[in-house]
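A.B. asks: One structure is given below, represented as C-alpha cells, and several questions about it will come after.
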Amino acid sequence: MIQLNHDYDKLKPSYLFYRINQKVASLRAEDPHRRLLLLGVGDVTLPLAPAVIAAMHRAVDEQSRKESFQGYMPELGKDFLKQAVADYYSRLGFRPDPEEVFISYGAGDELGSIGDLFASGNRVAVPEPAYPAYVDTNLMDGRTVLSIPGNWDNGFLPMPDENLDADLVYLCSPNNPTGAAYRRSQLQTWVDWANALGAVLIFDAAYEAFIIQPDVPHSIYELPGARECAIEIASLSKTAGFTGTRLGWTVIPKALVREGRSLHAMWVRNRTTRFNGVSYILQRAGEAALSPEGMEQNLLNIKQYRENGRILMQALDRLGVSYTGGVNAPYLWFRCPNGMDSWEFFDFLIDRASIVGTPGEGFGACGEGWFRFSCFGSAEDTAEAAARLGRIQGS
Ligand code: MLT
C-alpha cells in the first residue's frame with residue numbers, strides 16, 4: 001500500500017505567508033472598498049528597472065526569430081549570467097569562479113532543494129526567528145531541527161556555543177524577519193565554528209543589497225574559511241524587484257568538501273537531473289539587473305524602501321516602541337503592545353487600522369509576542385500606515 005510522507009504531520013497546518021495572503025483575500029472579499037495597508041508579506045511594489053525591461057523586450061524579440069531562437073537552457077545557467085554574477089560579487093570585493101555559480105529561479109526554491117545534498121539523519125540548527133521555509137523544508141525531509149533562539153538581549157543574532165551540535169546551520173543576514181545583521185567578527189565566529197566541526201552553513205543573502213554599514217558583510221565569502229564550509233543562496237527578488245519575475249543563484253565553492261566529496265560536483269549532478277534551467281528571457285533580465293546601469297536603477301527603488309523604513313521607524317519612535325531592523329534591512333521587528341500575542345496583535349491591527357503585518361510567532365516560537373512590518377509597501381500606504389498607527393494610540 002502507498003505510504004505518504006508523514007513528516008508533513010510535524011508542520012503547522014498552513015504556511016505563514018499563505019495564511020496571511022488568505023486573510024487578505026478574505027478581507028477583500030468581505031469589503032472590496034476597505035483600504036487595507038499591506039505591510040505583511042515582504043513583496044516589492046515598485047516596477048522593474050528600465051534596463052531590465054529593455055533586456056526582456058530584446059530577449060523576447062530574439063526568441064521570435066529563427067536565427068536567434070534559444071531552446072533548452074544549460075541547467076546550471078548561461079555563461080553570460082554566471083559571469084555577471086561573478087562581476088557583481090567582484091564589485092563587492094570578492095570574485096567567485098563563474099563555474100561555482102548556479103543560476104536558479106530564486107532563493108525560496110533553492111533553500112528547500114539544497115536539502116537534497118544532505119541525508120535525513122543530519123541535525124539542522126536554525127537561529128530563530130527565521131524565514132519559515134528553513135524549518136518547514138527540513139521537517140518535510142525528515143531532519144531534526146534545533147532552534148537557536150534570538151532575543152532582545154542577543155540583538156536577535158544568536159551565536160554558536162560549545163554545546164551546539166549541528167551538521168547544517170541556516171544563517172540569514174541581514175535577517176528576515178528581525179532586520180538584524182551580523183557583523184564581520186560574528187560571522188567569522190560562525191565560519192570558524194563550522195570548519196572546526198565539519199558542519200555546513202547555508203547562507204541566505206537575499207537582503208544584502210540593503211546593507212549600508214561597512215562592518216556588515218554582503219557575502220559569507222568575505223570571511224576567510226567560508227569557501228570551505230558555506231553555500232550562499234542569493235536572489236534578485238529584493239535587490240531588483242524580481243519577486244514575480246523569479247531569478248537567483250547559488251554559490252557552491254569547489255573547495256567545499258565533506259566525507260571526501262565535492263558538494264559542487266554533487267549539486268551539478270542534482271541540477272542536471274532535476275532542473276532544465278531558467279528561461280532565456282529571465283537570464284537576460286538578470287544580466288541587465290546586475291549590470292552597473294541596472295544596479296544604479298535598482299538602488300533608486302531600494303532608496304524608496306529605505307525611506308518607507310524611516311517613516312515607519314519614526315512612527316514607532318513616536319509610540320515609544322523599540323525595534324530592530326530598518327537600517328541594513330527592509331524589515332522592522334518590535335514587541336507587540338500591552339502583552340498581546342503575535343496573532344492577537346495581527347487581528348487588532350487589522351481591526352483598528354486595516355494594517356496587515358506579520359505575526360512574529362510565524363518565524364518560530366521565540367518570535368511569539370513580536371511583530372514584523374515590511375518596508376516594501378507603496379510610499380502612500382506606508383505613510384498612511386504611520387498616520388493610522390499614531391491615531392490608534394490617540395484613540
Ligand atoms: C517575507 O515576507 O518574508 C518574504 O516575502 C519571504 C520571501 O522572500 O519569500
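A.B. asks: For the stretch 138-180, what are the residues that are buried (at least 21 other Cβ atoms within 10 Å of the Cβ) and either on the phi > 0 side of the Ramachandran plot or free of Cβ contacts under 8 Å to residues at least 12 places away in the same chain (or both)?
C.D. replies: Answer for the stretch 138-180, where residues must be buried (at least 21 other Cβ atoms within 10 Å of the Cβ) and either on the phi > 0 side of the Ramachandran plot or free of Cβ contacts under 8 Å to residues at least 12 places away in the same chain (or both): PHE156, GLY179.
A.B. asks: How do the pairs read when you match residues in the stretch 321-340 that are under 11 Å from ASN175 (Cβ atoms) and in contact (Cβ under 8 Å) with a residue 40 or more places away in the chain with residues anywhere that are among the hydrophobic types (A, V, I, L, M, F, W, C) and in a strand (DSSP E or B), using Cβ under 8 Å and keeping only pairs 6 or more apart or on different chains?
C.D. replies: THR324/LEU332; THR324/TRP333; THR324/PHE334; GLY325/LEU332; GLY325/TRP333; TYR331/PHE373; TRP333/TRP370; TRP333/PHE371
A.B. asks: Continuing with the same structure: Name the pairs: first residue in the stretch 17-31 and within 16 Å of the ligand (Cβ to nearest atom), second residue part of a helix (DSSP H, G or I) and not aliphatic (A, V, I, L, M), Cβ to Cβ under 6 Å, at least 6 apart or on different chains?
C.D. replies: none
A.B. asks: Something else about it: Criterion first (over 25 Å from the mean Cα position of the chain (by Cα) and closer than 17 Å to ASN151 by Cβ) does GLY364 satisfy it? Outline the logic, then answer.
C.D. replies: Details: over 25 Å from the mean Cα position of the chain (by Cα): no; closer than 17 Å to ASN151 by Cβ: yes.
No.
A.B. asks: Somewhere in the stretch 35-46, is a residue without any contact (Cβ under 8 Å) to a residue 60 or more places away in the chain and not charged (D, E, K, R)? Lay out the reasoning, then the answer.
C.D. replies: Residues of the stretch 35-46 without any contact (Cβ under 8 Å) to a residue 60 or more places away in the chain: none.
No; the residues of the stretch 35-46 include none that is without any contact (Cβ under 8 Å) to a residue 60 or more places away in the chain and not charged (D, E, K, R).
A.B. asks: What is the one condition in (1) farther than 30 Å from MET73 by Cβ; (2) among the charged types (D, E, K, R); (3) within 16 Å of the ligand (Cβ to nearest atom) that GLU307 does not satisfy?
C.D. replies: Failing condition for GLU307: (3).
A.B. asks: While we're here: Go through the residues of the stretch 29-36 one by one and say whether even a single one is within 29 Å of THR178 (Cα to Cα) and surrounded by 13 or more Cβ atoms within 10 Å (Cβ to Cβ).
C.D. replies: Taking every residue of the stretch 29-36 in turn, at least one turns out to be within 29 Å of THR178 (Cα to Cα) and surrounded by 13 or more Cβ atoms within 10 Å (Cβ to Cβ).
A.B. asks: Hey, among the residues in the stretch 374-395 that are among the polar types (S, T, N, Q) and modelled with pLDDT under 95, which one's nearest to the ligand (Cβ to nearest atom)? It would help to see each step written out before you state the result.
C.D. replies: Filtering the stretch 374-395 for residues among the polar types (S, T, N, Q) gives 374, 378, 382, 393, 395.
From what's left, modelled with pLDDT under 95: 393, 395.
Working: GLN393: 26, SER395: 29 Å.
Here the answer is GLN393.
A.B. asks: Something else: Among the residues of the stretch 100-118, write down those that are acidic (Asp, Glu) and either within 19 Å of the chain's Cα centre (by Cα) or loosely packed, with under 14 Cβ neighbours inside 10 Å (or both).
C.D. replies: Going through the stretch 100-118, the residues acidic (Asp, Glu) turn out to be 100, 109-110, 116.
Within the stretch 100-118, ASP109, GLU110 qualify.
A.B. asks: Every residue in the stretch 229-248 that is more than 15 Å from the ligand (Cβ to nearest atom) and under 13 Å from the mean Cα position of the chain (by Cα), please.
C.D. replies: First pass over the stretch 229-248, keeping only residues more than 15 Å from the ligand (Cβ to nearest atom): 229-232.
Hit for the stretch 229-248 is GLU232, nothing else.
A.B. asks: Considering the stretch 200-231 alone, what residues qualify as being in a loop (DSSP other than H, G, I, E, B) and either under 15 Å from ARG95 (Cα atoms) or in contact with a strand residue (DSSP E or B) (Cβ under 8 Å, 6 or more places away or on another chain) (or both)?
C.D. replies: Filtering the stretch 200-231 for residues in a loop (DSSP other than H, G, I, E, B) gives 205-207, 211-219, 223-225, 229.
Residues satisfying the conditions are ALA205, ALA206, TYR207, PRO217, HIS218, SER219, LEU223, PRO224, GLY225, CYS229.
A.B. asks: Could we say that PHE371 is within 15 Å of the ligand (Cβ to nearest atom), outside any helix (DSSP H, G or I) and either farther than 30 Å from VAL85 by Cβ or under 17 Å from the mean Cα position of the chain (by Cα) (or both) here?
C.D. replies: Details: within 15 Å of the ligand (Cβ to nearest atom): yes; outside any helix (DSSP H, G or I): yes; either farther than 30 Å from VAL85 by Cβ or under 17 Å from the mean Cα position of the chain (by Cα) (or both): yes.
Yes; evaluated as a whole, the condition is true for this residue.
A.B. asks: For the stretch 38-86, which residues satisfy the criterion of being within 16 Å of the ligand (Cβ to nearest atom) and touching a Ser or Thr at 6+ places or on another chain (Cβ under 6 Å)?
C.D. replies: Going through the stretch 38-86, the residues within 16 Å of the ligand (Cβ to nearest atom) turn out to be 38-46.
Passing the criteria: LEU39, GLY40, GLY42, ASP43, VAL44, THR45.
A.B. asks: Just checking, does the stretch 188-196 include any residue being assigned to a loop (DSSP other than H, G, I, E, B), surrounded by fewer than 19 Cβ atoms within 10 Å (Cβ to Cβ) and out of contact with any strand residue (DSSP E or B) (no Cβ under 6 Å at 6 or more places or on another chain)?
C.D. replies: Step one: list which residues in the stretch 188-196 are assigned to a loop (DSSP other than H, G, I, E, B), which gives none.
For the stretch 188-196, residues assigned to a loop (DSSP other than H, G, I, E, B), surrounded by fewer than 19 Cβ atoms within 10 Å (Cβ to Cβ) and out of contact with any strand residue (DSSP E or B) (no Cβ under 6 Å at 6 or more places or on another chain): absent.
A.B. asks: Collect the residues in the stretch 1-26 that are assigned to a loop (DSSP other than H, G, I, E, B) and either under 21 Å from the mean Cα position of the chain (by Cα) or of a type in the set (S, T, N, Q) (or both), keeping them in residue-number order. Steps first, please.
C.D. replies: Of the residues in the stretch 1-26, the ones assigned to a loop (DSSP other than H, G, I, E, B) are 1-5, 11-15.
Scanning the stretch 1-26 gives GLN3, ASN5, LEU11, LYS12, SER14, TYR15.
A.B. asks: To continue, here is another question. Consider ALA181 against the criteria (1) out of contact with any Pro (no Cβ under 6 Å at 6 or more places or on another chain); (2) part of a loop (DSSP other than H, G, I, E, B): it satisfies all of them except one. Which criterion is unmet?
C.D. replies: In the conditions (1) out of contact with any Pro (no Cβ under 6 Å at 6 or more places or on another chain); (2) part of a loop (DSSP other than H, G, I, E, B), ALA181 misses (1) alone.
A.B. asks: Which one is farthest from the ligand (Cβ to nearest atom) among residues in the stretch 119-161 that are among the small types (Gly, Ala, Ser) and closer than 18 Å to ALA206 by Cβ? Lay out the reasoning, then the answer.
C.D. replies: Here is the first cut: in the stretch 119-161, the ones among the small types (Gly, Ala, Ser) are 119-121, 125, 130, 133, 142, 147, 150, 155.
With the extra rule that they be closer than 18 Å to ALA206 by Cβ, the set shrinks to 130, 133, 150.
Values: ALA130: 10, ALA133: 7, GLY150: 16 Å.
The extreme case among them is GLY150.
A.B. asks: Which of the residues belonging to the stretch 152-204 are under 30 Å from LEU39 (Cα atoms) and hydroxyl-bearing (Ser, Thr, Tyr)?
C.D. replies: Passing the criteria: TYR170, SER173, THR178, TYR182.
The values are calculated or read from the model by the stated rules, or taken from the named source; none is laboratory data. Just so we're clear, the structure is a prediction, and the values are computed from it rather than from any experiment. Neighbour counts are summed over all protein chains in view; Cβ atoms, including those assigned to glycine, are modelled from backbone coordinates with ideal geometry.
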